[in-house]
Amino acid sequence: MAGKKQQNHLIKIFGGDLWQAQLIQGLLEANNIACMLRNDTLSAVTSPYSTIGGEVWVLVDERDKDMAVSIIER
């Protein structure tokens, strides 16, 4: 199908506390793997100092999954 733009799909490779997700994000970005963090908790409801924030996910493009998991497991 010429002219049709291919969509990228983000997949979860990690879920945990914010500090853990941020460490993994830094590690992946240092290895040239784009990623993003996601947390479904409404920030307006919870204080930034609260421990009830829910799980933070690290998402990567599905094409980068194998490399990202390999880097995290090292």
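The values are calculated or read from the model by the stated rules, or taken from the named source; none is laboratory data. All values reported here derive from a predicted model rather than from experimental measurement. Note that each Cβ is placed from the backbone with ideal geometry, even for glycine, and that neighbours are counted across all protein chains shown.
Picking from residues in region 35-66 that are under 14 Å from K12 (Cβ atoms) and part of a loop (DSSP other than H, G, I, E, B), the one that is modelled with the lowest pLDDT is D40.
In the set (1) part of a strand (DSSP E or B); (2) modelled with pLDDT under 95; (3) among the aromatic types (F, W, Y), the condition left unmet by F14 is number (2). Among residues of region 60-74 that are surrounded by 13 or more Cβ atoms within 10 Å (Cβ to Cβ), those with a beta-carbon under 8 Å from a residue that is small (G, A, S) and at pLDDT 95 or above at least six positions away or on a different chain give the pairs V60/A34; V60/A68; D61/A34; D64/A34.
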